[in-house]
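Before any comments, here is the structure.
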Amino acid sequence: MRKTLIFTLAAMGLATVAAADSHMASGYSAKDLLQPCFDADNDARDGIFAEIECEQYMLGFVGALKAAGAMDGICLPEQNVADEVRWSYMRWIHESYTARTKLAAEDAVFGSLKDNFGCSN
């Protein structure tokens, strides 16, 4: 009886985690990423740390896309990639703030890259 109770409680806990996780793949939302990107320009004291957090996320994401061969249709600028991607991300989020801040960060960054750096742009 005791083993059945422990198993049931463990299964319920895993189901709760799975259900919560299904709403957002990474748990890091577009709004969560927007904060350090925004602070990079607006916080005189700690802005450099926020800029590093935001831009390294962006550069890591772009690097992962390149490594996976998933850059089809995305043409990044040749210079100042980190700043350009960060600024375009912030503008893209603010174009539809309520809807886009609810996205997972990775979905928002990918959407921003496709919309702002499409090879036809």
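The values are calculated or read from the model by the stated rules, or taken from the named source; none is laboratory data. Everything numeric in this text was worked out from a predicted model, so none of it was measured. Cβ: placed from backbone, ideal geometry, glycine included. Neighbour counts: every protein chain shown.
Quick notes
- Scoring residue 92 on the criteria (1) in contact (Cβ under 8 Å) with a residue 40 or more places away in the chain; (2) under 22 Å from residue 29 (Cβ atoms) leaves a single failure, condition (1).
- Identity of the residue in the range 107-121, assigned to a helix (DSSP H, G or I) and surrounded by fewer than 19 Cβ atoms within 10 Å (Cβ to Cβ), that ends up nearest to the chain's Cα centre (by Cα): 107
- Taken together, 15, 67, 10, 19 contain a single residue that is exposed (fewer than 13 other Cβ atoms within 10 Å of the Cβ), in a helix (DSSP H, G or I) and either touching a Pro at 6+ places or on another chain (Cβ under 8 Å) or modelled with pLDDT of 95 or more (or both), which is 67.
- With respect to (1) part of a helix (DSSP H, G or I); (2) modelled with pLDDT of 85 or more; (3) under 23 Å from residue 115 (Cα atoms), the lone exception for residue 40 is condition (2).
- Being small (Gly, Ala, Ser) and touching a Gly at 6+ places or on another chain (Cβ under 8 Å) holds for only one residue in 40, 68, 50, and it is 40.
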